[in-house]
Amino acid sequence: GPVHVELDLTDRCNVACYFCNQQDLRTKDSIPLPKLTDLIDELVEGGLKSVRLSGGGDPLFHRDVLNVLDYLSQKNVIVDNLTTNGVALNTEVARRLVDNKAREVIFSLNAADAADYARMMQVKPALFDKVLDNIRNLIAIRGESIYPSIVVQFLLDKKNLDRLIDMYELGVALAPDRVGINAVLEIPLERIDQAVLLEKDDRDIAMPLVEEILRRDKERGILQLDFAVTGW
């Protein structure tokens with residue numbers, strides 16, 4: 001059997017990101033806990049060592065996510081990666097991730113302030129500050145440990161390209177292990193308004209900002225920026 005699998009726990013999510021390709025398939029379904037434990041048992045018998053927790057929704061919005069994390073720990077299965085919007089990453093979840101030595105947590109923060117967060121995620125602006133608090137809380141609980149590695153990810157489109165430096169500075173202030181900056185890409189069914197997608201000409205706007213970020217990063221000696229705009 002596989003030594004690593006991706007477990008899609010649930011379609012449930014508390015946000016409605018305009019760029020999410022799951023919006024066209026969104027349900028409120030989750031895999032029941034007994035089915036998950038049976039599946040994990042079967043995979044462990046085949047040699048499972050690690051999992052990526054994901055889903056059509058946010059994996060932390062599975063109602064039994066704490067039990068799932070506990071069961072994976074009991075079976076000596078490492079959480080290799082957890083990607084989340086961070087709203088539900090409370091202290092109980094954080095302690096499990098740290099205690100069980102999860103390898104990586106990616107926070108899809110996506111915006112530099114509450115107003116743009118509300119635009120991109122289509123939720124109340126107040127959730128932005130809640131996510132920032134949850135990131136800080138996980139970092140505090142982790143302490144001197146290297147587990148999990150913490151990534152804060154931002155997304156660029158035409159409406160926030162000029163906030164690129166602000167995204168970087170916020171990322172540095174939060175003090176994760178890595179800051180990721182990516183571009184919003186086209187998704188099927190032409191659901192995204194083409195006017196917000198970056199074009200080749202936007203590189204002329206972005207490059208001076210990228211150069212300034214790299215200059216600041218070098219001065220700080222951090223070198224933690226992961227700038228990936230595939231296909232742009």
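The values are calculated or read from the model by the stated rules, or taken from the named source; none is laboratory data. Bear in mind the structure is a predicted one, so any value in this text is a computation, not a measurement. A quick note on method: Cβ atoms are made from the backbone with ideal geometry, for glycine too, and the neighbour counts reach across all protein chains shown. For the accessible areas, the whole protein counts, side chains as well, though only heavy atoms, and no ligand, DNA or RNA atoms are used. Shrake-Rupley method; radii C 1.70, N 1.55, O 1.52, S 1.80 Å.
So the values come out like this:
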{"read-out": "Matching option when the condition is free of Cβ contacts under 8 Å to residues at least 60 places away in the same chain, open to solvent by 40 Å² or more (accessible area, probe 1.4 Å), acidic (Asp, Glu) and within 28 Å of residue 22 (Cβ to Cβ), among 129, 201", "value": "129"}
{"read-out": "Lone qualifier among 214, 189 - being at pLDDT below 95, over 24 Å from residue 16 (Cβ atoms) and surrounded by fewer than 16 Cβ atoms within 10 Å (Cβ to Cβ)", "value": "214"}
{"read-out": "From 157, 166, residue being out of contact with any Pro (no Cβ under 6 Å at 6 or more places or on another chain) and over 17 Å from residue 214 (Cβ atoms)", "value": "157"}
{"read-out": "Number of the exception - residue 156 against (1) open to solvent by 70 Å² or more (accessible area, probe 1.4 Å); (2) touching a residue at least 24 places away in the same chain (Cβ under 8 Å)", "value": "(1)"}
{"read-out": "Residue among 123, 68 that alone is in contact with a His (Cβ under 7 Å, 6 or more places away or on another chain), crowded, with 17+ Cβ neighbours inside 10 Å and in contact (Cβ under 8 Å) with a residue 24 or more places away in the chain", "value": "68"}
{"read-out": "Matching option when the condition is closer than 27 Å to residue 50 by Cβ and modelled with pLDDT under 90, among 228, 140", "value": "228"}
{"read-out": "Matching entry among 10, 37, 27 (being of a type in the set (Ser, Thr, Tyr) and either loosely packed, with under 14 Cβ neighbours inside 10 Å or at pLDDT below 90 (or both))", "value": "27"}
{"read-out": "Pairs where the first residue, in the stretch 25-54, is at positive phi and the second is in a loop (DSSP other than H, G, I, E, B) and open to solvent by 80 Å² or more (accessible area, probe 1.4 Å), C-beta under 6 Å, 6+ apart", "value": "47/1; 47/3"}
{"read-out": "Conditions (1) open to solvent by 30 Å² or more (accessible area, probe 1.4 Å); (2) in contact with a Leu (Cβ under 9 Å, 6 or more places away or on another chain); (3) among the β-branched types (Val, Ile, Thr): number failed by residue 146", "value": "(2)"}
{"read-out": "Residue selected from the stretch 87-107 under the condition outside any helix (DSSP H, G or I) and touching an Asp or Glu at 6+ places or on another chain (Cβ under 9 Å), by the criterion most open to solvent (accessible area, probe 1.4 Å)", "value": "103"}
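Every residue, every condition in (1) touching a residue at least 12 places away in the same chain (Cβ under 8 Å); (2) open to solvent by 10 Å² or more (accessible area, probe 1.4 Å); (3) on the phi < 0 side of the Ramachandran plot, yes or no:
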| site | (1), (2), (3) |
| --- | --- |
| 133 | no, yes, yes |
| 137 | yes, yes, yes |
| 142 | yes, yes, yes |
| 164 | yes, no, yes |
